[in-house]
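First the structure, in the form of structure tokens, and then the observations on it.
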Amino acid sequence: MAAIATVMLIMVFFTSHASALSVNYYDSTCPHVESIVAGAVHKAAVNDRTVPAAMLRMHFHDCFIRGCDASVLLESKRKNKAEKDGPPNISLHAFYVIDNAKKAVEAVCPGVVSCADILALAARDAVTLSGGPTWDVPKGRKDGRISKATETRQLPAPTFNFSQLQQSFSLRGLSLEDLVALSGGHTLGFAHCSSFQNRIHNFSPKQDIDPSMNPSFANSLRSMCPSHNKVKNAGAPLDSSPTMFDNAYYKLLLQGRGIFSSDQALLTHPNTKTLVSKFANCQKEFENAFVKSMIKMSSITNGGQEIRLDCKLVR
């Protein structure tokens, strides 16, 4: 019964996509918002090459809880433990980039631009800075006032199988093509040992390593992440070019060199396997699908109510 109640609650949050969003939303009220945000992301990325991956992941984790309402940016307060302190979000970082962008925007257009829109723009800029495509971001999101660490268990986990992934995306109105295209975001970034340990140690009673994983790749991961790893922040890059937005993720996945169980799961269904092959063979096909799916995901906006003046605090 508890599981059914959780599913019903999620469905309430994600029953519709906002129709009020517009690429021209700030044309008269804050015409330079995009260049201001892009400047903040670029400045941070010059000093820290992990910033683009951090922005993209932060936006994804925001949208999958209560819609894209910047609830992931809120700080825990008194008895309420916020999303950013939930287990799946402990490794999120570079929140300062959004804070700096917001401060710069507030200096020019006070009280006009939501933190949720700034995060959506930063995610787009992160992809573009990494050599990926650009797109017009629909804007007009409002910031949410609720952020609960307990709700982060709704996020699709790296250990998910195909059925779990399909359900998670479907509840948010996202298709199998969206699932495969958005998974391509794993072309940027780094994975901690804990997120793929299940595949390289004690996989099953009979096999120590996931047999779907390339053996030499598995052994290289085992050397980075021994079974009793005590090295803080140990892990591996998500693909062979973790700071470049390309289709290497899909090519490696077909070679048995995907990091997560959820990556491997894309090859266990004929429809998603076909899409993986298509994106591996043509980067343009991947980029077009990714842009379409990012716009779709970032348009899930249920629950936002205000324009925060400080992205960490409700008004």
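The values are calculated or read from the model by the stated rules, or taken from the named source; none is laboratory data. These figures come from a predicted structure and were not determined experimentally. As a convention, Cβ positions derive from the backbone with ideal geometry for all residues, glycine included, and neighbour counts pool all protein chains shown. Note: areas computed on protein heavy atoms with side chains; ligands, DNA, RNA excluded. Shrake-Rupley method; radii C 1.70, N 1.55, O 1.52, S 1.80 Å.
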Just one of the numbered conditions (1) surrounded by fewer than 14 Cβ atoms within 10 Å (Cβ to Cβ); (2) under 22 Å from LEU155 (Cβ atoms) is not true of LYS284; which one?
(2)
Of all the residues that make up the stretch 198-209, how many are of a type outside the set (Gly, Ala, Ser) and surrounded by fewer than 17 Cβ atoms within 10 Å (Cβ to Cβ)?
6
Report, by residue number, each residue of the stretch 248-292 that is among the small types (Gly, Ala, Ser), under 18 Å from the mean Cα position of the chain (by Cα) and not in a helix (DSSP H, G or I).
GLY258
Please go through the stretch 98-115 and give me each residue that is hydrophobic (A, V, I, L, M, F, W, C) and assigned to a helix (DSSP H, G or I), ordered by number.
ILE98, ALA101, ALA104, VAL105, ALA107, VAL108, CYS115
Please state which one of SER91, SER114 is hydroxyl-bearing (Ser, Thr, Tyr) and farther than 15 Å from CYS68 by Cβ.
SER91
Checking ALA126 against (1) closer than 14 Å to ALA38 by Cα; (2) touching a Ser or Thr at 6+ places or on another chain (Cβ under 8 Å): exactly one of these is not met. Which one?
(2)
Unique residue being surrounded by fewer than 18 Cβ atoms within 10 Å (Cβ to Cβ) and either without any contact (Cβ under 8 Å) to a residue 12 or more places away in the chain or more than 18 Å from LEU313 (Cβ to Cβ) (or both) when the list is GLY111, GLY39:
GLY39
Quick one: in the stretch 60-76, of everything that is assigned to a loop (DSSP other than H, G, I, E, B) and within 19 Å of GLY304 (Cβ to Cβ), which residue is farthest from the chain's Cα centre (by Cα)?
GLU75
Does GLY131 satisfy the criteria of being in contact with an Asp or Glu (Cβ under 8 Å, 6 or more places away or on another chain), closer than 26 Å to VAL291 by Cβ and surrounded by fewer than 18 Cβ atoms within 10 Å (Cβ to Cβ)?
yes
Where the second residue is modelled with pLDDT under 95 and open to solvent by 10 Å² or more (accessible area, probe 1.4 Å) and the first is acidic (Asp, Glu) and lies in the stretch 68-97, which pairs have Cβ atoms under 7 Å and are six or more apart or on separate chains?
ASP69/THR301; ASP69/GLY303; ASP69/GLY304
Restricted to the stretch 77-97 and to residues being part of a helix (DSSP H, G or I) and hydrophobic (A, V, I, L, M, F, W, C), the residue farthest from the chain's Cα centre (by Cα) is VAL97
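The rows are residues; the columns are (1) open to solvent by less than 20 Å² (accessible area, probe 1.4 Å); (2) at pLDDT 95 or above; (3) closer than 23 Å to ALA120 by Cα.
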residue: ASN214; (1), (2), (3): no, yes, no
residue: TYR250; (1), (2), (3): yes, yes, no
residue: GLN264; (1), (2), (3): no, yes, no
residue: LYS278; (1), (2), (3): no, yes, no
residue: MET294; (1), (2), (3): yes, yes, yes
residue: GLN305; (1), (2), (3): no, no, yes
